[in-house]
Amino acid sequence: MARVALVTGGTRGIGRAVCIALRDAGYTVAANYHGNDEEAENFKEKTGIDIFKFDVSDFAACEKGVKEIEGAIGPIDVLVNNAGITRDTMFHRMDAESWNAVINTNLNSVFNVSNQVFPGMRERGFGRIISISSVNGQKGQMGQTNYSTAKAGMIGFTKALAQEGAFKNVTVNAIAPGYIGTEMVQAVPEKVLNEKILPFIPVGRLGEPEEVARCVVFLAADDAGFITGSTLSANGGQYMA
């Protein structure tokens, strides 16, 4: 029987690529989303992957959403915490709404969803929790104190929870992508991209969502059971932790 994987923020960008890669690797995949219904339905039609709408920043919504998924396709074996937003601005201009929106969606969501699936993983003796952090959670980034804080928090969460899950065959890892060619990065002004970002990536290009997705498939596999508490950097050499 195929293992079940849930990918938050799964209908766009990195999440979309992860869903497709896991599907192609033989998993039964559930894609969470919260925003664009039309785009989500288009994703479902093109990929055949089931979609589930709920707000990952809301604990009660996550509780209800995970129960719906498990009732429809079975207990979740693999969780990919991918959902994220940006609200970039210099800290002296940052308001509480911009801070809280990013922390709630990018970091609190990791607790909200993981808390629903971790007990079941322990009971069944298998689980994979993989959180999509960021190079900017490792090195920091001017204008992204909220985002960098959330992404760094994911790494701390990973290291702590890995210690709790290890003896139950539940691994917890993070992936820290660099600049990937998604809508979020493509919205960066071309001048900034060409002068402030690309020159600092030794491989000389943006990453592809599929390259991050292959990292997820590797960490999700049964054969990756000896890897836990780790952060896998996929950043083209931009930051070597």
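Output ³J(HN,Hα) for segment 130-140: one whole-Hz value per residue in order, computed from phi by the Karplus curve 6.51 cos²θ - 1.76 cosθ + 1.60 with θ = phi - 60°, and x for Gly and Pro.
For segment 130-140, the Karplus curve yields 10, 10, 8, 8, 6, 4, 6, x, 8, 10, x Hz.
Using Cα springs under 10 Å in a Gaussian network model of the chain, which residue among VAL203, VAL212, VAL18 shows the largest mean-square fluctuation?
The residue that fluctuates most here is VAL203.
Calculate one ³J(HN,Hα) per residue across segment 20-36 by plugging θ = phi - 60° into the Karplus curve 6.51 cos²θ - 1.76 cosθ + 1.60, and present them in order as whole Hz with x for glycine and proline.
5, 5, 5, 4, 5, 8, x, 7, 8, 10, 10, 9, 7, 8, 9, x, 7
Could you line up CYS215, CYS62 from fewest to most neighbouring Cβ atoms inside 10 Å? Write out the running numbers ahead of the final one.
Numbers: CYS215 20, CYS62 24.
The fewest-first ordering by Cβ neighbours comes to CYS215, CYS62.
Is it possible to state the helix-based mean residue ellipticity at 222 nm for the chain, with each DSSP H run of 4+ residues giving -39500 (n - 2.57), the sum divided by total residues, to the nearest 500 deg cm²/dmol? What is it? Show your work: numbers first, answer last.
Details: 9 runs with 103 residues, N = 241.
So the helix-based figure for the chain works out to -13000 deg cm²/dmol.
Using a basic spin-label model with each label point 7 Å from the Cα along Cα→Cβ, how many nm lie between ALA221 and GLU63?
Result for the modelled spin labels: 3.8 nm.
I'd like the distance between the alpha-carbon centres of segment 34-71 and segment 190-241, rounded to an integer number of Å.
26
Given 0.36 nm per residue, what is the gain on full extension from PHE167 to VAL203 after removing their alpha carbon distance, in nm?
On the way: separation 36, 0.36 × 36 = 12.96 nm, distance 3.83 nm.
Taking 0.36 nm per residue and subtracting the Cα distance, the gain is 9.1 nm.
Taking amide H atoms as placed 1.01 Å from N in the peptide plane, list the residues 5 or more away in sequence, or in a different chain, whose amide H sits under 5 Å from that of ASN235.
Under 5 Å from the amide H of ASN235: GLY178.
Quick check: residue separation of GLU195 and LYS139 times 0.36 nm, minus the Cα distance between them. What number comes out in nm?
Details: separation 56, 0.36 × 56 = 20.16 nm, distance 1.90 nm.
Working it through step by step, the gained length comes to 18.3 nm.
Bear in mind these aren't lab numbers, they're just calculated from the coordinates by the rules spelled out. Quick caveat: nothing in here was measured; it's all calculated off a predicted structure. We place every Cβ from the backbone using ideal geometry, glycine too, and count neighbours over all the protein chains shown.
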